[in-house]
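The values are calculated or read from the model by the stated rules, or taken from the named source; none is laboratory data. Source: prediction; values computed, not measured. Virtual Cβ from ideal backbone geometry, glycine too; neighbours counted across all protein chains shown. Heavy atoms of the whole protein, side chains included, go into the accessibility calculation; ligands, DNA and RNA do not. Shrake-Rupley method; radii C 1.70, N 1.55, O 1.52, S 1.80 Å.
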Amino acid sequence: MSEKVTVSVIKADVGSVVGHSRPHPAMMDACRDVLAEGVKSGCLQDFYVTRVGDDINLLMSHYKGEGNCDVHELAWNAFSDATDLAKKMKLYAAGQDILCDAFSGNVKGAGPGAAEMTFEERGSEPLLFFMADKTEPSAYSLPLSKVFLDPFTTTGLVIDPRATKGFEVEIHDVVDSKKVVMSSPEETYGMLTLLGDTTRYAIKSVESRSGVGTAAVVSTDKLNLTAGKYVGKDDPVCICRAQSGLPAVGEYLQPYMNTMLVAGWMRGSHYGAFYPCSVECSDPTYYDGPPRICCIGFQLNNGRFQGLEPMSAPAGERTPIDFFAGREWDEVRRRAIKASAMMRGHGPFMPAILGPDEMEYTTRPSVLDSLKQRFEDLD
Ligand code: F6R
Ligand code: MG
Ligand code: MG
């Protein structure tokens, strides 16, 4: 099939059972029903509804291109139905990421986050979906930098003739809404100068320079700015194509063996260590965290998500590989808890909490205001 396929992940937090923990299964079913209709009507090829922590993630494949009104409307309707259920059950934060009363053509700016990628489906097309909870888009910058810029992580950058040609990296300034495309390996140090500032810069996408197309794309919608005030970390997703000139599945996973501190966690205002786990284990059970990272994988098969189910399984009924489920990640999880506990020891002191501009909650302006008369100049 030469027509280009689009893979879209649209995600939102529209309510949880017990605080900000986990959507109710009926909410997930409501989303499945809407997307199944989308397959019936010919809008979608296939879909898979999953979650990480309190976020519902809608994985969709179609031939309608990125930012398509019909596809986005399906996602919007799915989240609206899930919100209605959450409200009926009096779940916590029901409808939290639905910032507009009505759908107006695209979920961008309306609350949900989206990562979308369009490409020519190869003879065999392995896809990875990273899904994070209680953190922000720039949390992917360190792992993706290792994958695409560091030959000590991705040996393919040295020994795979196509990967050695390098990658184009689109970097977003999420504060000033600007973007720049930089090339690896030539501009690696310059890229790292920007990306090291995780409060402002984030990788949006990575493109192969050997003609394989887009390799990775991240959702970078900054909810706090969209809403005009902080209403939650983005809990971003990242879609990656793997193998045959792109990083191998194992090269994409390798950086998560490191213990990485990311911003978010409790009240979106703390640094905690990324905790790689299965989707089933992604409830935020330790101080509303620590920030979870899940990774599931499918093969794409003529626009359909092929997992472990029989080929005859109806759309939506998919069984992915859950990459962080295994025991080999126990050691990383142990280290993540150890590092997170160390940060917790600082209580409300930096570096446990974020810098003043990044705090999702703060009483600082009102405290300063109340002290206006009492502050005196130093001698
Ligand atoms: C972080 C998160 C939670 C909440 C915290 C307070 O992203 O979702 O840590 O920030 O539970 O929530 P509220 O303000 O709703 O009581
Ligand atoms: Mg949430
Ligand atoms: Mg969340």
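Yes/no matrix, rows are residues, columns are (1) over 20 Å from the mean Cα position of the chain (by Cα); (2) over 16 Å from residue 20 (Cβ atoms); (3) within 16 Å of ligand 1 (Cβ to nearest atom):
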residue: 58; (1), (2), (3): no, yes, no
residue: 64; (1), (2), (3): yes, yes, no
residue: 67; (1), (2), (3): no, yes, no
residue: 74; (1), (2), (3): no, yes, no
residue: 81; (1), (2), (3): yes, yes, no
residue: 84; (1), (2), (3): yes, yes, no
residue: 89; (1), (2), (3): yes, no, no
residue: 97; (1), (2), (3): no, no, yes
residue: 100; (1), (2), (3): yes, yes, no
Counted residues in the stretch 148-178 being at pLDDT below 95 and open to solvent by 20 Å² or more (accessible area, probe 1.4 Å) come to 6
From the residues in the stretch 345-358 that are part of a loop (DSSP other than H, G, I, E, B) and in contact with a strand residue (DSSP E or B) (Cβ under 7 Å, 6 or more places away or on another chain), which one is farthest from ligand 2 (Cβ to nearest atom)?
-> 351
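Identify, please: which residue in the stretch 8-25 is of a type in the set (Gly, Ala, Ser) and more than 12 Å from ligand 1 (Cβ to nearest atom) and is, among those, nearest to residue 134 (Cα to Cα)?
Here is the first cut: in the stretch 8-25, the ones of a type in the set (Gly, Ala, Ser) are 8, 12, 15-16, 19, 21.
In the following step, the residues that additionally are more than 12 Å from ligand 1 (Cβ to nearest atom) were identified as 8, 12.
On the way: 8: 21, 12: 12 Å.
Checked the stretch 8-25; the qualifying residue nearest to residue 134 (Cα to Cα) is 12.
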If the Cβ limit is 6 Å and pairs must be 6+ apart or interchain, which residue in the stretch 315-331 that is closer than 17 Å to residue 29 by Cβ pairs with which residue that is among the β-branched types (Val, Ile, Thr) and loosely packed, with under 15 Cβ neighbours inside 10 Å?
-> none
For the stretch 241-260, which residues satisfy the criterion of being touching a helix residue (DSSP H, G or I) at 6+ places or on another chain (Cβ under 8 Å) and open to solvent by less than 20 Å² (accessible area, probe 1.4 Å)?
-> 242, 245, 246, 247, 252, 255, 256, 260
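Between 189, 140, which is of a type outside the set (Asp, Glu) and under 22 Å from residue 59 (Cα atoms)? Even if it seems obvious, please write down each step before you answer.
On the way: 189 fails: under 22 Å from residue 59 (Cα atoms).
From the options 189, 140, the qualifying one is 140.
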From the options 77, 106, residue that is open to solvent by 30 Å² or more (accessible area, probe 1.4 Å) and part of a loop (DSSP other than H, G, I, E, B) | 106
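Can you find even one residue in the stretch 2-9 that is at pLDDT 95 or above, open to solvent by 10 Å² or more (accessible area, probe 1.4 Å) and more than 16 Å from ligand 3 (Cβ to nearest atom)?
Keep residues of the stretch 2-9 that are at pLDDT 95 or above, which gives 4-9.
Keeping just the survivors that are open to solvent by 10 Å² or more (accessible area, probe 1.4 Å) gives 4.
Imposing the further condition that a residue be more than 16 Å from ligand 3 (Cβ to nearest atom) reduces the set to 4.
Checking the stretch 2-9: at least one residue is at pLDDT 95 or above, open to solvent by 10 Å² or more (accessible area, probe 1.4 Å) and more than 16 Å from ligand 3 (Cβ to nearest atom).
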Note on the stretch 15-64: residues assigned to a loop (DSSP other than H, G, I, E, B), in contact with a helix residue (DSSP H, G or I) (Cβ under 9 Å, 6 or more places away or on another chain), within 16 Å of ligand 3 (Cβ to nearest atom) and open to solvent by less than 40 Å² (accessible area, probe 1.4 Å) are 15, 23
Out of (1) more than 16 Å from ligand 3 (Cβ to nearest atom); (2) of a type outside the set (D, E, K, R); (3) open to solvent by less than 10 Å² (accessible area, probe 1.4 Å); (4) farther than 20 Å from residue 262 by Cα, what's the single condition that is false for residue 112?
-> (1)
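Specify the residue that is surrounded by the fewest Cβ atoms within 10 Å (Cβ to Cβ); the eligible residues are those in the stretch 304-320 that are touching a strand residue (DSSP E or B) at 6+ places or on another chain (Cβ under 6 Å) and within 20 Å of residue 249 (Cα to Cα).
Quick first cut of the stretch 304-320, residues touching a strand residue (DSSP E or B) at 6+ places or on another chain (Cβ under 6 Å) only: 304-307, 315-316, 318, 320.
Retained after the next criterion (residues that are within 20 Å of residue 249 (Cα to Cα)): 304-307, 318, 320.
Numbers: 304: 19, 305: 26, 306: 20, 307: 17, 318: 21, 320: 22.
Going through the qualifying residues, I end up with 307.
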List the pairs whose first member sits in the stretch 100-123 and is under 16 Å from residue 75 (Cβ atoms), whose second member is open to solvent by 50 Å² or more (accessible area, probe 1.4 Å) and modelled with pLDDT of 95 or more, and whose Cβ atoms are under 7 Å apart, counting only residues at least 6 apart or on separate chains?
-> 103/73; 105/69; 106/69; 116/66
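Of the residues 61, 80, which single one is hydroxyl-bearing (Ser, Thr, Tyr) and either within 22 Å of residue 3 (Cβ to Cβ) or touching a His at 6+ places or on another chain (Cβ under 9 Å) (or both)? Before the answer, list the steps.
Working: 80 fails: either within 22 Å of residue 3 (Cβ to Cβ) or touching a His at 6+ places or on another chain (Cβ under 9 Å) (or both).
One residue alone meets the criteria, 61.
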Under 9 Å between Cβ atoms, at least 6 apart or on separate chains: pull out the pairs that start in the stretch 202-217 with a residue that is among the acidic types (Asp, Glu) and end on any residue that is open to solvent by 10 Å² or more (accessible area, probe 1.4 Å).
-> 207/168; 207/170; 207/181; 207/213; 207/214
Any hit, the stretch 349-361, residues being in contact with a Lys or Arg (Cβ under 9 Å, 6 or more places away or on another chain) and without any contact (Cβ under 8 Å) to a residue 60 or more places away in the chain = yes
Matching entry among 87, 64 (being basic (Lys, Arg) and farther than 22 Å from residue 117 by Cβ) | 87
Within the stretch 261-303, of all residues that are at positive phi and surrounded by fewer than 17 Cβ atoms within 10 Å (Cβ to Cβ), the one farthest from ligand 3 (Cβ to nearest atom) is 302
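Looking at 53, 105, 67, which one is out of contact with any Leu (no Cβ under 6 Å at 6 or more places or on another chain), on the phi > 0 side of the Ramachandran plot and at pLDDT below 95? Before you say what the answer is, go through the steps one by one.
Working: 53 fails: at pLDDT below 95; 67 fails: at pLDDT below 95.
Within the list 53, 105, 67, the selection yields 105.
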